[in-house]
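Asker: The structure is given below, and queries will be raised subsequently.
The values are calculated or read from the model by the stated rules, or taken from the named source; none is laboratory data. Just so it is clear, the structure is predicted and the values come from calculations on it, not from any experiment. All Cβ positions, even for glycine, are placed from backbone atoms using ideal geometry, and neighbour counts span all protein chains on display.
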Amino acid sequence: MQRYLKSLGYGFHVITHPFDGFWDLKRESKGTLSAALTFAVLTVLMLVMQKQGTAFLFNRNRLEEVDMMVDIVTVGLLFILWCVSNWCLTSLMDGEGKMRDIAIFTGYSLLPLLLIQFPLILVSHVITAEEGTFYYVFSVFSYLWTIALLVLGMMITHQYSMKKTLATTLLTLLGMAIILFIGLLFFSVIQQFLTFIVTAYKEIRFR
């Protein structure tokens, strides 16, 4: 338990000193998978709360159309797809990170979203439309900070150059799309096959 709490606190060092932080996550084992998954789960909850709890002035979502379970599954699936796609690619591109290392640096990279977006949900209820510029600036900054950490985390974990890291990032996103397409195609084929089996069974039974 003490190591878990310490690894959670180490996230603040990672996001403020990414070069040392990501190096220590992998080489010195100062981070834990449980802490990384905690950050990932909290990010999922934060995004769900953001859709439902942000003040109407800054909320473009229609609350009656928001489905909490769909949001949870979607964000969770994106996290898994990123890790799997990155692992598949870096395994072929001489990356030094294992699946566990990828999940850890990804989870820790999400911390800026939690630190900034959670307070923004509350702030959105006490600021006016004229003050909305500050809201959007901090919101965009949190995403840019997270993206930068993801890139640096990948570079340090896999020991890549910046050029190779950027190329791998783009390929990882492409890989996510391909995996998702294959998955949807697979489930579509299974669904059609099951429909055929049920139809054939009914035809045989009623004859």
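Asker: Consider Phe181 carefully, then state whether it is over 19 Å from the mean Cα position of the chain (by Cα), aromatic (Phe, Trp, Tyr) and loosely packed, with under 14 Cβ neighbours inside 10 Å.
Answerer: no
Asker: While we're here: Wholly within the stretch 1-55, which helices (runs of 4 or more DSSP H) include no fewer than the required count, namely at least 1 residues that are over 15 Å from Gly97 (Cα atoms) and acidic (Asp, Glu)?
Answerer: The qualifying helices (runs of 4 or more DSSP H) are 18-27.
Asker: A further question on this structure: Among the candidates Leu120, Leu78, single out the residue that is in a helix (DSSP H, G or I), of a type in the set (A, V, I, L, M), in contact with a helix residue (DSSP H, G or I) (Cβ under 8 Å, 6 or more places away or on another chain) and surrounded by 19 or more Cβ atoms within 10 Å (Cβ to Cβ).
Answerer: Among Leu120, Leu78, only Leu120 is in a helix (DSSP H, G or I), of a type in the set (A, V, I, L, M), in contact with a helix residue (DSSP H, G or I) (Cβ under 8 Å, 6 or more places away or on another chain) and surrounded by 19 or more Cβ atoms within 10 Å (Cβ to Cβ).
Asker: Related question: Return the residues of the stretch 1-20 that are touching a helix residue (DSSP H, G or I) at 6+ places or on another chain (Cβ under 7 Å) and either over 15 Å from Leu115 (Cβ atoms) or β-branched (Val, Ile, Thr) (or both); say none if nothing qualifies.
Answerer: The answer is Tyr4, Ser7, Val14, Ile15, Phe19.
Asker: Scanning the stretch 123-144 for residues that are not β-branched (Val, Ile, Thr) and not in a helix (DSSP H, G or I), which turns out surrounded by the fewest Cβ atoms within 10 Å (Cβ to Cβ)?
Answerer: Residue satisfying both the conditions and the ranking: His125.
Asker: Could you please find all residues in the stretch 115-139 being β-branched (Val, Ile, Thr) and over 28 Å from His13 (Cα atoms)?
Answerer: Answer for the stretch 115-139, where residues must be β-branched (Val, Ile, Thr) and over 28 Å from His13 (Cα atoms): Val126, Ile127, Thr128, Thr133.
Asker: Could you list, in sequence order, the residues of the stretch 7-25 that are surrounded by 14 or more Cβ atoms within 10 Å (Cβ to Cβ) and either among the hydroxyl-bearing types (Ser, Thr, Tyr) or touching a Lys or Arg at 6+ places or on another chain (Cβ under 6 Å) (or both)?
Answerer: Across the stretch 7-25, the qualifying residues are Ser7, Tyr10, Asp24.
Asker: Further, regarding this structure: Which one of these is within 20 Å of Leu149 (Cβ to Cβ) and modelled with pLDDT under 85: Ser34, Ser7, Ser29, Ser85?
Answerer: After applying the criteria, what remains is Ser29.
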